[in-house]
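The values are calculated or read from the model by the stated rules, or taken from the named source; none is laboratory data. All values derive from a computational prediction rather than experimental measurement. Here the Cβ positions follow ideal geometry from the backbone for every residue, glycine too, while neighbour counts run over all protein chains shown.
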Amino acid sequence: MSLKIGLNLFKCYSINFDLTKRSKKEIKFIIIHYTGMKKESYAIKRLCDPKAKVSSHYFIRNNGKILNLVPDLYKAWHAGISCWKNYSSLNQHSIGIEINNPGHYNTYKKFSLKQINSLIKLLKHLIKKYKINKSNVLGHSDISPDRKKDPGEKFPWKKLSKFNLGQWYKDRILPVNIMNKKKRSYVFFKNLHKIGYRYFHLNKRDQRDKFVIRAFQQHYCPSNVSGLIDKKTLKISAFLADN
């Protein structure tokens, strides 16, 4: 049975975590996921199933209730193969939050207002407690762009930024000089490298590059997730790289 412990948190522990405790100072990131499963009960069961070998620290239900699955100071298994700036395998340095949502392969839908309101409260608590920089509140697709799509283009990153819980750009963004396709690609990926994105080559375009473009657009340009570097996408990357 779940037990209320404050901040509208409920205990529902998973055994899927490393037994070695980490220090508070090691926690640098918060990674947001969606569950990607058809039913909420299936998602909770999977995160607590030792055979699945996956977990998260927190789970936000459809009704906004927050389950605490793994204590903060233990490493949950949520990020997998991942990279951001000079960090790799981000499980060691992050807190994972799963939000129930069927995802792109199961009728992807908007996150509920109750879910987002609970997330805002939880993020405020965690950022203050662990002194996490707002630019380190990321999506799973940001740190694993060649593998993941969550939380996706329907996640309200802009709204979170209004509460100082994430990074965003100003509506009147900096101008960018017109350039040819090759130059545009080089400048864009250079900007993304400065922001923190990895899994791509600055001087060589390949399939992984397209995944990174889409991940960036899902986060910062959700109305146009094309995988192509258009003028707006380039401008946004320039603004974020300079700030």
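In the range 62-75, which residues are of a type in the set (A, V, I, L, M) and part of a strand (DSSP E or B)?
I66, L67
Residue-wise test of (1) at pLDDT 95 or above; (2) under 20 Å from N100 (Cα atoms); (3) among the charged types (D, E, K, R).
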{"position": "Y13", "(1), (2), (3)": "no, yes, no"}
{"position": "N16", "(1), (2), (3)": "yes, yes, no"}
{"position": "T20", "(1), (2), (3)": "yes, no, no"}
{"position": "I31", "(1), (2), (3)": "yes, yes, no"}
{"position": "G64", "(1), (2), (3)": "yes, yes, no"}
{"position": "L73", "(1), (2), (3)": "yes, no, no"}
{"position": "W77", "(1), (2), (3)": "yes, yes, no"}
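Yes or no: the range 151-163 includes at least one residue that is in a loop (DSSP other than H, G, I, E, B), among the polar types (S, T, N, Q) and modelled with pLDDT of 95 or more.
No, the conditions are met nowhere in the range 151-163.
Could you list, in sequence order, all residues of the range 37-54 that are more than 16 Å from F10 (Cβ to Cβ) and either among the aliphatic types (A, V, I, L, M) or part of a loop (DSSP other than H, G, I, E, B) (or both)?
Result: M37, K38, K39, D49, P50, K51, A52, K53, V54.
Failed condition for N91, given (1) in a loop (DSSP other than H, G, I, E, B); (2) among the polar types (S, T, N, Q); (3) surrounded by 14 or more Cβ atoms within 10 Å (Cβ to Cβ), with all others met?
(1)
Which number in (1) under 14 Å from the mean Cα position of the chain (by Cα); (2) outside any loop (DSSP other than H, G, I, E, B) marks the one condition that H78 misses?
(2)
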